[in-house]
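Everything on this sheet refers to the single structure shown next.
The values are calculated or read from the model by the stated rules, or taken from the named source; none is laboratory data. Since this is a predicted model, take the numbers as computed values, not measurements. Please note: Cβ atoms are built from the backbone with ideal geometry, for glycine as well, and neighbour counts cover all protein chains shown.
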Amino acid sequence: ADGEALHDEL
Amino acid sequence: MNIFRLTGDLSHLAAIIILLLKIWKTRSCAGISGKSQILFAIVFTTRYLDLLSSFISLYNTSMKVIYIGCAYATVYLIYMKFRATYDGNHDSFRVEFLVVPVGGLAVLINHDFSFLEILWTFSIYLESVAILPQLFMISKTGEAETITTHYLFCLGLYRALYIVNWIWRYYFEAFFDLIAIVAGVVQTILYCDFFYLYVTKVLKGKKLSLPA
């Protein structure tokens, strides 16, 4: 989904 | 993962460890802003809540745990163990003037209006300004110990490397996170004045002191 960003950075 | 992000993370780690070692070895947190360190502890706590909900990699998880652990250890050293050496009179930046607007901004401008996402956004915005109490303290006292300037340099280098990382990811992965990028650029700009002093003074063997 658009909002479900996976933040893979620290 | 690209080399800029990895070296950025390692530079960040180096900064955190330099600060911890400085306080531990000298048994003193003189010249260190406890307020900035509390803000960084809040930044890591609110950003890494996804430790409980999503797994990205062993590297990602371990770095997050180390960052959080070191942040709280630093706060503990400043406010508990070496409290007597804490220079509270010079650490007079009003953090509510950062936390409140940043909280409001995170609610207004985010990728998704959900609890975790708003906390992530809050941490991104807060990190961009969390160093201000430390820079304010240095401008107030007019000087900084050389080891403190190494800490700040590593922290600023980490931010600069992340910008190169985003340029890399934009071209090679079509990855683009506007919130992280804008906040990251703002944060890096805050270090520019310090970078100038670091290169012109500290690297030439002089102590960082500001004109009165």
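Could you check, for the stretch B:108-117, whether at least one of its residues is modelled with pLDDT of 95 or more and more than 14 Å from chain A (Cβ to nearest Cβ)? Yes, the stretch B:108-117 contains at least one residue that is modelled with pLDDT of 95 or more and more than 14 Å from chain A (Cβ to nearest Cβ). When B:14, B:41 are checked against the criterion of being closer than 25 Å to residue B:160 by Cα, modelled with pLDDT of 95 or more, surrounded by 19 or more Cβ atoms within 10 Å (Cβ to Cβ) and among the aliphatic types (A, V, I, L, M), a single residue qualifies: B:41. Of all residues in the stretch B:191-212, those satisfying the criterion of being assigned to a helix (DSSP H, G or I) and surrounded by fewer than 17 Cβ atoms within 10 Å (Cβ to Cβ) are B:192, B:193, B:195, B:196, B:199, B:200, B:203, B:204. Inclusion of residue B:152 among residues that are within 24 Å of residue B:5 (Cβ to Cβ), in contact with a strand residue (DSSP E or B) (Cβ under 8 Å, 6 or more places away or on another chain), modelled with pLDDT of 95 or more and part of a helix (DSSP H, G or I) is warranted.
Condition check ((1) assigned to a helix (DSSP H, G or I); (2) on the phi < 0 side of the Ramachandran plot; (3) under 12 Å from the mean Cα position of the chain (by Cα); (4) not β-branched (Val, Ile, Thr)) across all residues:
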position	(1), (2), (3), (4)
B:5	yes, yes, no, yes
B:22	yes, yes, no, yes
B:30	no, yes, no, yes
B:39	yes, yes, yes, yes
B:48	yes, yes, no, yes
B:60	yes, yes, no, yes
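Just one of the listed residues (B:144, B:130, B:106, B:180) is touching a strand residue (DSSP E or B) at 6+ places or on another chain (Cβ under 8 Å), surrounded by 19 or more Cβ atoms within 10 Å (Cβ to Cβ) and among the small types (Gly, Ala, Ser), namely B:144.
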